[in-house]
1. In a shell of Cβ-Cβ distance under 14 Å around Arg392, excluding Arg392 itself, what net charge do Lys and Arg (+1) and Asp and Glu (-1) give?
2. Taking the alpha-carbon set of the range 239-303, what are its Rg and Dmax in Å?
3. Thinking of the range 160-278 as a set of Cα atoms, what percent of all their pairs are more than 21 Å apart?
4. Give me the extension gain from Leu129 to Thr62: residue separation times 0.36 nm, minus the current Cα-Cα distance, reported in nm with one decimal.
5. Using the Cβ atoms and a cut-off under 15 Å, what net charge is assigned to the surroundings of Arg57, where Lys and Arg are +1 and Asp and Glu are -1?
6. Just to be sure I follow: if Rg is taken over the C-alpha atoms of the range 136-180 and Rh is the Kirkwood radius over the same atoms, what is Rg/Rh?
7. What distance in nm lies between label points placed 7 Å from Cα along the C-beta direction at Leu301 and Asp480?
8. Among Ile475, Ile191, which comes first, second and so on when ranked by fewest other beta-carbon atoms within 10 Å?
Amino acid sequence: MVPFLLSLAAVICSTGWALAQSQSPASQTAKVVPATIPSAISPSGQFTIYGGTPVHRGEFLTRCEALSRDVVSVTGQGKTQWLHPCVIELTVSDSPQVVQRRASAQVLPLEPNGYRLQLYLLIDEDFKLPEFQQEFIRLLLIERMLATNRPDANPDRLPGWILAGVTELVEYRRAGRPSDVFTALMDAHQIPPVAEVITTSTGDYSDSVSRGIYRACAAALVQALLDQASGPARFQALLEDLAYAKAPIEDLLRTHFPALDQTPEALAKWWTLQLASMSERSAYELLSALETEKLLEQSLLIDLTGITDEAVASAAKLAKKTTTPRTSGTGRLRKLARRVPEHDQGADKATFSSGSLGDFAQFVQDPRAPLALQQCEDRLNKLSARCFPLYRPILSAYGRTVSRLVAGETDGVTEELDALRKRREEISLLMGGVNDYMNWYVTTQVREPSSEFNGYAEALTTLKRLESRRRQDPITSYLDAMERELSP
């Protein structure tokens, strides 16, 4: 598996660029692959791969089938029948210096009609799985564009934002719909105009940060279209029209999604709402240790100011109605009724108004305390569903402590809370040590340079270039000087 992964990536790095630079389908002729070359066919029959080792062919066909299913799932087309086969010619090279192109893709006409999607791959040491996925998804979307099987198709009209959006949505769903990228995008308040997303492509951005922002925006735009009424069918019709229609993409969007033509801002509104929706953390996303600690501190707050006498009386009446003689004296509601008898509801309340659970001695006798403690317990239960795993035992212990306070038991609560506080401090120290170790390892133990952060260096270069273009007129210089003077 590892040799295959290490060798497969370079194959794909140039697939999309080769496709964009390829000749028109009418000028191509399908090349017949010699029958002597070993081959393998995918279970669906759509993908055939020639050359390479049996391991290469098997692993690569598995990836092709998985990506095909993911694209079908993202675009909501169900089990659609493919029309055009995809042929992959695989060459394995041990030479560290490769002169020919590592990958090239073509759309070839077949006689008497139809097309064949062909991908030429040269396997060497460089492997970049994201680039392979994007270029293979490009071929899958082109296959959708050629659904009508007319001879005058122009597959090069596939917009960059559709390709980037579908590719990003595939990764987004595979990763469990993480919200961090979209949350950072919304928090930065630097969302590009939707018109800019439609008219540009990933290759128009020189640094990885800008490319990441563009892919996230494109994913939200594609998802906003798919979420419209009959969105998947309209999206498929849009792809088919792209191969033949001469109209601009903006006009095709209005044709296939009529709701966008109501107001000029309609598409931008839906797109922004989609970004906001994707930035919301789902119930299946776990919090980090730092986030869990912050929310736990908030969950332990006790606020009596918002609890009225009517709420206390209502809780007492509900407890009486739901308590039968057989179960008298048991259950949470019975304990609540025991804590707030009717003849005490008009008594003077303690001076405590708000604080933390550790201040229980100041509010536990207050008639409003049981309701406030129940609110605290509800917050703890909600947090336990998505907290950092090391905090789950701590949240359970806090829940038991709150239950004891609701029942009026205070013996040993101070010691319990002190022990829980120490355990939280130990987790914070532990996670800080983990971060320090990872930083030390990356800094001192990596034996060869990595290209992982090249995109950040490119982004810094871009910012410096933009900085050099700043206005130098007297007013701008004065405002810049005042900003430096007044900044903390």
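No lab work stands behind these numbers, since they all come straight from the coordinates. Given the structure is predicted, the values throughout are model-derived calculations rather than measurements. Neighbour counts are summed over all protein chains in view; Cβ atoms, including those assigned to glycine, are modelled from backbone coordinates with ideal geometry.
1. Overall, the nearby charge balance is +4.
2. 21.3, 65
3. Of all Cα-Cα distances in the range 160-278, 35 percent exceed 21 Å.
4. Stretched out fully, the Leu129 to Thr62 stretch lengthens by 22.7 nm.
5. Once all neighbours under 15 Å are counted, the net charge is -2.
6. Here Rg/Rh amounts to 1.12.
7. Roughly 4.2 nm, to one decimal.
8. Least to most surrounded, the residues fall as Ile475, Ile191.
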